[in-house]
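Student: Structure in structure tokens, see below.
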Amino acid sequence: RSMSLITCCYSLHMNPPPQNHHASCTSLYKKPFVESFEETPLLVAVLTYIGYGILTIFGYLRDFLRDWKFEKCHLAREREEQKDFVPLYQDFENFYTRNLYMRIRDNWNRPIRSVPGAKMDLVERVTPDYNWTFEHTGKVLKDVINMGSYNYLGFAENTGTCADAASECTVKYGVGVCSSRQETGNLDKHEELEKLVARFLGVESSMVFGMGFATNSMNIPALMGKGCLILSDELNHVSLVLGARLSGATIRVFKHNNMQSLEKLLWDAIVHGQPRTHRPWKKILILVEGIYSMEGSIVRLPEIIVLKKKYKAYLYLDEAHSIGALGPRGRGVVDYFGLDPCDVDIMMGTFTKSFGAAGGYIGGKKDLVDYLRLHSHSAVYATSMSPPITQQIITSMKCIMGEDGTTLGQERLCQLSENTTYFRRRLHEMGFIIYGNNDSPVVPLMLYMPAKIGAFGREMLKRNIGTVVVGFPATPIIESRARFCVSAAHTREMLDTALNAISEVGDLLQLKYSRKNRHGSEGTDLFSYLESHQD
Amino acid sequence: MQFAPAYHLILEGILILWIIRLLFSKTYKLQERSDLTEKEKEELIEEWQPEPLVPLVSKDHPSLNYDVVTGPPSHRIIVNGKECINFASFNFLGLLDSERVKLKALSSLKKYGVGTCGPRGFYGTFDVHLELEERLAKFMRTEEAIIYSYGFATIASAIPAYSKRGDIVFVDEAACFSIQKGLQASRSFVKYFKHNDMEDLERLLKEQEIEDQKNPRKAKVIRRFIVVEGLYINTADLCPLPELVKLKYKYKVRIFLEESMSFGVLGEHGRGVTEHFGVNIDDIDLISANMENALASIGGFCCGRSFVIDHQRLSGQGYCFSASLPPMLASAAIEALNIMEEDPGVFRVLRDKCKHVHKALQGTPGLKVAGEPLAPALHLQLENSTGSRTNDLKLLRAIVDYVRYNSRSQITMCVLSIRVVVTVEQTQEEIEKAAQCIREAAVKILK
């Protein structure tokens, strides 16, 4: 993957077979689409592999010592009565967990005891035995800058109109529902929310569910079955993969955000039909996400819609991260590209990220939603959304749409956009390798080496900044990264504090790998162009 | 004689050259249809028509328009504008409109806001989650508990975390839908045994033993599990837990117990079917339950020994890749647990009411009561089916509507039966009235 300024172009008169298409100047993108995935420097890659090799050798050594009782074993053990049962876990399955994950386990699952807003209070933990067990000292680390929570529009707050409305709703309705949608769980609040979501997205009708993960895993099986084909992006979320697998359809994977790969698959699918029998496919579904949370890339929606129309496939767009966070009016990636929501057959999203609540939705044509009301597993077997959560979504959505009478929503959208551009520009200038699209509020910063994962997390916490670091298996083994989530609640001062700390830690750990020209005119021109064109 | 070696050399030389050629020749795909021209391929693409995304749904399908509940679904529930007595929501202990629970949830809202904005691994772990996990583990008397943010996802994520491709799972036929989804996601071999039939299960286990003896090396790595529910949601009867534990040790199989309906209902202190039968809780490898019935909150939990539960913190998909439970719901669950612990007498009250309802519904003409007297959710099934499923459904729905209209009692449909739920808040008169009306409805509609 190399840096390229893609002012996109896609020829509408493509020559089949797809290997020789050429770009004409018909621009489908109304503004520049800039994504960069700088290549791993060779020396860094070699050192990373060596690092993992050393860790593996030590892992085997420690396992040996533990087996032969030279070292105390902290692992929980099987019961005496069940010693002759087939072992529940294979030793090698947990090798990575025991020997690599355990060493840096203190960077995850950090308990907090306040609102997960721009600043949070962390519970201090110490470990007497190198991360096998944790103890809470009772102290609280106050006002840690939160660069890890998915709080894009800053609606994670305990004061203000949203919290007041949710409080009223709790008093009136209680907290539980105790029933599924089809039985007695369909409250008037749910109907109100569904109409509002449909209006927000610009679609005919919508349906809401209690959990975002379950929305994908329970509805894709209702729409697709045997004899259907699902074309799924390489880096799709686990819930999408699970839903696709549970449906029983054939799954084919195309390279991440790569339209040539997708077109080839579509071409082959229609020309050759189902494998072995060569019967035509019943339906073809393209499964993509709005923003990919590990890469920070935005889906190439205009091109996908062109392809979808040409090959008559259906499009399922998962906007878990992009709803509320992209677009001048916050309506997601469709709004960002200025496209028509009717072109996307199934628009799915979650309320956890930008709305500060929980749950998921699916929006689309009325036929689709009616069908889901009858056949979705969630409506029949799973509990509906809790009333105060529903109220929180209603209030925050009205705020974003501007229907509550204030301009708070619009201000927050602008703030998020400015924060994103500023943060990315500064990190880029400092010389870090950052992945993803310039407009995405998810900013992955590459660390590569396993030791730096732990070191980065801990050093940032010492400077009172909470960050998220991710390694294998969520990412490819040599591409571990730290991931920042920019929020509209962050002020310029907070971002500056964070950036200074990141720069300090970057110098300390030698993370400034980028070899691109940082102070050249090309870079600053582009960023200043984007900043000056903030609406 | 002298010509023989040259002959050999030439033959061997040809053989070696042939081998080298085979080693370096490229493999070719057999499925490439090279007999289509470009024009034909384009035509195929033009002509292909997909099916519509969803089949048409008739506008007057009975389940299309849900009943709208105005206000909280508590004991007195307002359905489609009419106030009814609630015999339909799983609010067994009446905690849905408990003032204490609401106050606790409010104070939690004021402290933490509504959502958690992240999964457990990335600043989504709140101290209330840790507290709730500790309290649940203490209540159930196990080492550890783990919370999920949605009841359906609990057992559906727990099963695939342990049982992988190649493992064997013995499941009861009447297992609920989330268990079936969990099994499907796990890609293991699933063997169904007849509902509550221990002999059928033993037969399957014996067959498996014979298979194992044929291939002992493979048998040493295949894991085996039995998945059962404490109180079955589909048939409202208990599983024979003591016999299952005996089978467990005899055939070396692990037991996963799903207790959504029996948690907070059975047992002297509400600890579920293990307390009811007096089985040692360590004998059950994993107990999973959802907090959406007796605890009147949202979410689910699994509890058991740390050896078993800790694994889910990295491999339970619904735990690692999904946002955590909103803290106000966790606080509500903690307060509900407090109420349960303070007053264990409420379980006896619930059991008495269940027995009462069971007795009152006996003798309804045309409908038979399916379920244990202890079960808080009874099923009324048609004694004589009309033969067609749609007609059966129409009759049952007519009964439900009649009962709602005439006695203001809300009961619901569940697959092919009517479900009647018992809660502690229902009074004697209300139960009598509802039973009376069901009898009337049955006489009128099913004659």
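The values are calculated or read from the model by the stated rules, or taken from the named source; none is laboratory data. Since the structure is predicted, the reported quantities are computational estimates derived from the model, not experimental observations. Heads up, the Cβs are rebuilt from the backbone with ideal geometry, glycines too, and the neighbour counts pull from every protein chain shown. Note: areas computed on protein heavy atoms with side chains; ligands, DNA, RNA excluded. Shrake-Rupley method; radii C 1.70, N 1.55, O 1.52, S 1.80 Å.
Student: Only one residue in A:Ser206, A:Ser167, A:Ser180 is touching a residue at least 24 places away in the same chain (Cβ under 8 Å) and within 9 Å of another protein chain (Cβ to nearest Cβ). Which one?
Tutor: Of A:Ser206, A:Ser167, A:Ser180, the one residue that is touching a residue at least 24 places away in the same chain (Cβ under 8 Å) and within 9 Å of another protein chain (Cβ to nearest Cβ) is A:Ser167.
Student: Further question: Taking the range B:237-247, which residues are open to solvent by 10 Å² or more (accessible area, probe 1.4 Å) and within 19 Å of the chain's Cα centre (by Cα)?
Tutor: Result: B:Asp237, B:Leu238, B:Pro240.
Student: What's the number of the only condition in (1) open to solvent by 30 Å² or more (accessible area, probe 1.4 Å); (2) at pLDDT below 90; (3) polar (S, T, N, Q) that B:Asn338 fails to meet?
Tutor: Of everything listed in (1) open to solvent by 30 Å² or more (accessible area, probe 1.4 Å); (2) at pLDDT below 90; (3) polar (S, T, N, Q), B:Asn338 misses just condition (2).
Student: In the list A:Ser261, A:Ser247, A:Ser297, which residue meets the criterion of being over 24 Å from A:Arg331 (Cα atoms) and more than 12 Å from chain B (Cβ to nearest Cβ)?
Tutor: A:Ser261
Student: Also, quick follow-up: So in the range B:248-281, with the set limited to residues that are more than 22 Å from the chain's Cα centre (by Cα) and not aromatic (Phe, Trp, Tyr), which one is least open to solvent (accessible area, probe 1.4 Å)?
Tutor: It comes out as B:Val279.
Student: For a quick check of your reading of the model, give me the residue pairs whose first member lies in the range B:264-290 and is more than 14 Å from chain A (Cβ to nearest Cβ), whose second is assigned to a helix (DSSP H, G or I) and not hydrophobic (A, V, I, L, M, F, W, C), with beta-carbon atoms closer than 6 Å and at least 6 apart or on different chains.
Tutor: Every condition considered, the pairs that remain are B:Leu266/B:His276; B:Gly267/B:Glu275; B:Gly267/B:His276; B:Phe277/B:Pro242; B:Ser288/B:Thr154.
Student: Answer yes if at least one residue in the range B:181-191 is charged (D, E, K, R) and within 15 Å of the chain's Cα centre (by Cα), and no otherwise.
Tutor: Yes: the range B:181-191 contains one or more residues that are charged (D, E, K, R) and within 15 Å of the chain's Cα centre (by Cα).
Student: Continuing with this model, one more query. I'm trying to understand the selection: among the residues of the range B:79-93, which are more than 9 Å from chain A (Cβ to nearest Cβ) and either open to solvent by 10 Å² or more (accessible area, probe 1.4 Å) or modelled with pLDDT of 90 or more (or both)?
Tutor: Matches in the range B:79-93: B:Asn80, B:Gly81, B:Lys82, B:Glu83, B:Ile85, B:Leu93.
Student: The conditions are (1) within 12 Å of another protein chain (Cβ to nearest Cβ); (2) over 17 Å from the mean Cα position of the chain (by Cα), and A:Ser239 fails exactly one of them. Which is it?
Tutor: Of everything listed in (1) within 12 Å of another protein chain (Cβ to nearest Cβ); (2) over 17 Å from the mean Cα position of the chain (by Cα), A:Ser239 misses just condition (2).
Student: Something else about it: Go through the range A:386-401 and report how many residues are out of contact with any Cys (no Cβ under 6 Å at 6 or more places or on another chain) and open to solvent by less than 10 Å² (accessible area, probe 1.4 Å).
Tutor: Selection size over the range A:386-401: 8.
Student: If the requirement is being small (Gly, Ala, Ser), out of contact with any Asp or Glu (no Cβ under 7 Å at 6 or more places or on another chain) and within 7 Å of chain B (Cβ to nearest Cβ), which of these qualifies: A:Gly154, A:Gly148, A:Gly174, A:Gly138?
Tutor: Answer to the check: A:Gly148.
Student: Right, A:Lys195: more than 7 Å from every other protein chain (Cβ to nearest Cβ), assigned to a helix (DSSP H, G or I) and free of Cβ contacts under 8 Å to residues at least 60 places away in the same chain or not?
Tutor: So A:Lys195 passes the test.
Student: Oh, and also: Given the options A:Asp404, A:Asp370, name the one that is surrounded by fewer than 24 Cβ atoms within 10 Å (Cβ to Cβ) and not in a helix (DSSP H, G or I).
Tutor: It is A:Asp404.
Okay, residues lined up against (1) part of a loop (DSSP other than H, G, I, E, B); (2) in contact (Cβ under 8 Å) with a residue 40 or more places away in the chain; (3) surrounded by fewer than 23 Cβ atoms within 10 Å (Cβ to Cβ):
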residue	(1), (2), (3)
A:Ala222	no, yes, yes
A:Lys226	yes, no, yes
A:Arg245	no, no, yes
A:Ser261	no, no, yes
A:Asp268	no, no, yes
A:Thr277	yes, no, yes
A:Lys282	yes, yes, yes
A:Glu303	no, yes, yes
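Student: Out of the range B:309-321, which residues are facing another protein chain (nearest Cβ under 7 Å) and open to solvent by less than 10 Å² (accessible area, probe 1.4 Å)?
Tutor: Residue satisfying the conditions is B:Gly318 alone.
Student: Also: Is it true that A:Ala489 is modelled with pLDDT under 90, closer than 29 Å to A:Val115 by Cβ and surrounded by 14 or more Cβ atoms within 10 Å (Cβ to Cβ)?
Tutor: Spelling it out, it is not the case that A:Ala489 is modelled with pLDDT under 90, closer than 29 Å to A:Val115 by Cβ and surrounded by 14 or more Cβ atoms within 10 Å (Cβ to Cβ).
Student: I've got another one for you. Provide a single number: the residues in the range A:84-129 that are more than 7 Å from chain B (Cβ to nearest Cβ), open to solvent by 50 Å² or more (accessible area, probe 1.4 Å) and closer than 22 Å to A:Ala156 by Cα.
Tutor: Here the count works out to 1.
Student: Has the range B:23-30 got at least one residue that is within 24 Å of A:Thr383 (Cα to Cα), surrounded by fewer than 22 Cβ atoms within 10 Å (Cβ to Cβ), polar (S, T, N, Q) and more than 9 Å from every other protein chain (Cβ to nearest Cβ)?
Tutor: no
Student: Further question: For B:Gly345, indicate whether it is away from every other protein chain (no Cβ under 13 Å) and either buried (at least 18 other Cβ atoms within 10 Å of the Cβ) or farther than 24 Å from A:Thr352 by Cβ (or both).
Tutor: Considered against the rule, which asks whether it is away from every other protein chain (no Cβ under 13 Å) and either buried (at least 18 other Cβ atoms within 10 Å of the Cβ) or farther than 24 Å from A:Thr352 by Cβ (or both), B:Gly345 comes out as yes.
Student: Going by the structure shown, is B:Arg76 out of contact with any Ser or Thr (no Cβ under 6 Å at 6 or more places or on another chain), open to solvent by 100 Å² or more (accessible area, probe 1.4 Å) and assigned by the TED database to the domain that holds B:Ala375?
Tutor: The answer is yes for B:Arg76.
Student: For A:Ile230, which of the numbered conditions (1) more than 7 Å from chain B (Cβ to nearest Cβ); (2) without any contact (Cβ under 8 Å) to a residue 60 or more places away in the chain; (3) over 27 Å from A:Asp370 (Cα atoms); (4) not small (Gly, Ala, Ser) fails to hold?
Tutor: (3)
Student: Can you spot a residue in the range A:130-146 that is in a strand (DSSP E or B), surrounded by fewer than 24 Cβ atoms within 10 Å (Cβ to Cβ) and within 24 Å of the chain's Cα centre (by Cα)?
Tutor: yes
Student: Does A:Tyr29 satisfy being away from every other protein chain (no Cβ under 14 Å), surrounded by 13 or more Cβ atoms within 10 Å (Cβ to Cβ) and farther than 30 Å from B:Ile159 by Cβ?
Tutor: yes
Student: Hey, another quick one. Show me the strands (runs of 3 or more DSSP E) found entirely inside the range B:127-216 where at least 3 residues are open to solvent by less than 10 Å² (accessible area, probe 1.4 Å).
Tutor: B:144-148, B:168-172
Student: So which residues in the range B:56-69 are at pLDDT 85 or above and more than 7 Å from every other protein chain (Cβ to nearest Cβ), if there are any at all?
Tutor: None - no residue of the range B:56-69 is at pLDDT 85 or above and more than 7 Å from every other protein chain (Cβ to nearest Cβ), so the list stays empty.
Student: Tell me whether the range A:290-299 contains one or more residues that are modelled with pLDDT of 90 or more, within 20 Å of A:Ile251 (Cα to Cα), of a type in the set (Phe, Trp, Tyr) and assigned to a loop (DSSP other than H, G, I, E, B).
Tutor: The answer is yes; a qualifying residue exists.
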